[in-house]
Amino acid sequence: MTHNFSVSPDFNPSHISGWYIFNTWLQRAISENIHLELYNDFESHRNAIATDQLDLIYANPYDAALLVRDKGFVPVACPENRSDEAIIAVNKESPLVNIEALSEGTRISSTDDPDVRMMCMIMLEPAGLDKTNTVLNQRDTYVLVAKDLLKNDADIGFFLEETYNDLSEIIRNQLRPLVQSEIHVIHHLLLAGPKLASKRDAIQKSLLSMADD
């Protein structure tokens, strides 16, 4: 039997080779056939979840809650000393210097990552902004969010901090963080589905000894 493994689409494309290397290592470590399936957007990824196509997932916090609650997945591991934080960024040439300078009608570019969107919308509250008085442009990837800012098609962009920091230097040098969350309690999780739940201990043991390989 071959199990399907996937990763939340909020990772930087430059990490694709790393995930394939990890998948190859994991197959040897737990003696299971595992196929890595990567999706370009959240809609495709969530459709795979809804139709029970995946057995192992590195999930964002929102999807992790759904997988545990509705799909019988069990937590395996989370990154050490790393939490999920969000950044609201602007074009480097933007006159905006703080959240309070934003006004009704602000154009937002965002992926449909619900955790990042939730954190960023909370950070907009000091400006009196919410979904009723802003204009949201939804994009498939964070690279497209960045492009909206570079082309001045959006006033602000919502980013997962890690993904923002992984943008190319050329792109980052044309952007500027306006505000960043400091929640420290939200994490991505590696989760095993019902077909791989019996392998949870083996996966955990392998991950803990990974540095020795």
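The values are calculated or read from the model by the stated rules, or taken from the named source; none is laboratory data. Owing to the predicted nature of the structure, the values given are computational and were not obtained by experimental measurement. We place every Cβ from the backbone using ideal geometry, glycine too, and count neighbours over all the protein chains shown.
Taking segment 124-154 as the range and being surrounded by 19 or more Cβ atoms within 10 Å (Cβ to Cβ) and closer than 23 Å to PHE42 by Cα as the test, the residues that pass are THR134, ARG139, TYR142, VAL145, ALA146, ASP148, LEU149, ALA154. Highlighted here are the helices (runs of 4 or more DSSP H) found entirely within segment 130-207 that include at least 1 residues which are assigned by TED's automatic domain parsing to the domain that holds LYS92 and among the polar types (S, T, N, Q): 161-166.
Entry remark, segment 105-123: residues being assigned to a loop (DSSP other than H, G, I, E, B), surrounded by fewer than 21 Cβ atoms within 10 Å (Cβ to Cβ) and modelled with pLDDT under 95 number 1 in total.
Among the residues of segment 44-57, just one is modelled with pLDDT under 95 and either touching a Phe, Trp or Tyr at 6+ places or on another chain (Cβ under 8 Å) or under 22 Å from TYR164 (Cβ atoms) (or both), namely HIS45. Restricting GLU37, GLU43, GLU32 to residues that are closer than 20 Å to LEU207 by Cβ and acidic (Asp, Glu) narrows the list to GLU32. Within the set HIS15, HIS35, the sole residue that is closer than 24 Å to ARG139 by Cβ and over 12 Å from the mean Cα position of the chain (by Cα) turns out to be HIS15. Scanning segment 58-84 for residues that are buried (at least 20 other Cβ atoms within 10 Å of the Cβ) and either closer than 22 Å to ILE183 by Cβ or outside the structural domain of GLN204 (by TED's automatic domain parsing) (or both) returns TYR58, ALA59, ASN60, PRO61, ASP63, ALA64, LEU67, ASP84.
Condition (residue is surrounded by fewer than 12 Cβ atoms within 10 Å (Cβ to Cβ), of a type in the set (A, V, I, L, M, F, W, C), touching a residue at least 24 places away in the same chain (Cβ under 8 Å) and within 19 Å of TYR58 (Cα to Cα)) applied to segment 172-185: is it met by at least one residue? Yes; the residues of segment 172-185 include at least one that is surrounded by fewer than 12 Cβ atoms within 10 Å (Cβ to Cβ), of a type in the set (A, V, I, L, M, F, W, C), touching a residue at least 24 places away in the same chain (Cβ under 8 Å) and within 19 Å of TYR58 (Cα to Cα).
Of the candidates LEU54, LEU38, the single residue that is within 23 Å of ASP113 (Cβ to Cβ) and in contact with a Gly (Cβ under 8 Å, 6 or more places away or on another chain) is LEU54.
The residues on offer are LEU129, LEU144, and the sole one that is farther than 19 Å from ALA101 by Cβ and in contact (Cβ under 8 Å) with a residue 12 or more places away in the chain is LEU144. Which numbered condition in (1) closer than 20 Å to GLU43 by Cβ; (2) within 15 Å of the chain's Cα centre (by Cα) is the only one that ILE108 fails? ILE108 satisfies all of (1) closer than 20 Å to GLU43 by Cβ; (2) within 15 Å of the chain's Cα centre (by Cα) except (2).
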